[in-house]
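Participant: Structure below; questions to follow.
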Amino acid sequence: MIKEQVFAKIRFDKETKIINAYFHCNENWGNRSDYQEMIKEGNFFEASKEQYFLCVSGKEYCYIDGKIQECVIPETVKLEKAKAKKIAELKTIYSSDKTWECTLKNTTNSITKTKKWFALNLSPSMEFETDQKTIITLALTQDKYFMILNLLSAFGTKVFNVNKDLQTRINLATKVLDIDAINIEAEFAKVNKIITVA
């Protein structure tokens, strides 16, 4: 019987046996630390071309007792993974400038500002970023200055509350489908980003 040619070395987790990396034999992996560690630890198998393409087909596989098997992952594990992924997505979107952008409007002009403008000195002037991406400084009366601060604070509170609500929804979800149904960008988009300054 002719032994099939080795097409790739495939790594699996020593504890869970889940396959998690592929090292094609046509490439030189010798200098990579993760490859060297795998060889040292012995948590890999030599795969034929057919086995390799099975493992990268989109399903999650394990290597148990010398056999490739489709993994059966408990629903609780899937749910925790989905929650962790969604929370990471939430953190990224919540901290982005896009989420914190809003436009101050009055009858004469509109000026867009970004998250950076929440760090303001208590003085009767403010720096604004215009739609043309230029920075201008406007002198304001003290009343107008504090009125704008209050409007921005109210906007920031709304964004904060959306973030808090989304965290709660994610943490309380009992199904992966519930997690997948949460559209983070759409929820933040519901916050009115046009602030009218009288």
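Participant: State which residue is nearest to Ala8 (Cα to Cα) when the search covers only the range 68-82 and only residues that are β-branched (Val, Ile, Thr) and not in a helix (DSSP H, G or I).
Facilitator: By that ranking, first place goes to Ile68.
Participant: Select from the range 156-198 the residues that are of a type in the set (A, V, I, L, M, F, W, C), assigned to a loop (DSSP other than H, G, I, E, B) and within 17 Å of the chain's Cα centre (by Cα) and list them in ascending order.
Facilitator: Those that are of a type in the set (A, V, I, L, M, F, W, C), assigned to a loop (DSSP other than H, G, I, E, B) and within 17 Å of the chain's Cα centre (by Cα): Ala181, Ile182.
Participant: Do we find that Lys78 is open to solvent by less than 80 Å² (accessible area, probe 1.4 Å), farther than 30 Å from Ser153 by Cβ and touching a residue at least 60 places away in the same chain (Cβ under 8 Å) in this structure?
Facilitator: no
Participant: A follow-up question, please. Which of the residues that make up the range 53-69 are at pLDDT 90 or above and touching a strand residue (DSSP E or B) at 6+ places or on another chain (Cβ under 6 Å)?
Facilitator: Listed by number, the residues that qualify are Tyr61, Cys62, Tyr63, Ile68, Gln69.
Participant: A follow-up question, please. For the range 41-67, which residues satisfy the criterion of being open to solvent by less than 40 Å² (accessible area, probe 1.4 Å) and either of a type in the set (S, T, N, Q) or in a strand (DSSP E or B) (or both)?
Facilitator: Passing the criteria: Asn43, Phe45, Ala47, Ser48, Tyr61, Cys62.
Participant: For residues that are farther than 23 Å from Lys175 by Cα, out of contact with any Ser or Thr (no Cβ under 9 Å at 6 or more places or on another chain) and open to solvent by less than 80 Å² (accessible area, probe 1.4 Å), scanning just the range 81-117, find the one that is modelled with the highest pLDDT.
Facilitator: Selected residue: Tyr94.
Participant: It is to be established whether one or more residues within the range 33-40 are surrounded by fewer than 16 Cβ atoms within 10 Å (Cβ to Cβ) and modelled with pLDDT under 90.
Facilitator: no
The values are calculated or read from the model by the stated rules, or taken from the named source; none is laboratory data. As the structure is a prediction and not an experimental result, all values here were calculated from the model. For neighbour counting, all protein chains shown are included, and Cβ atoms are generated from backbone atoms with ideal geometry for every residue, glycine included. Note: areas computed on protein heavy atoms with side chains; ligands, DNA, RNA excluded. Shrake-Rupley method; radii C 1.70, N 1.55, O 1.52, S 1.80 Å.
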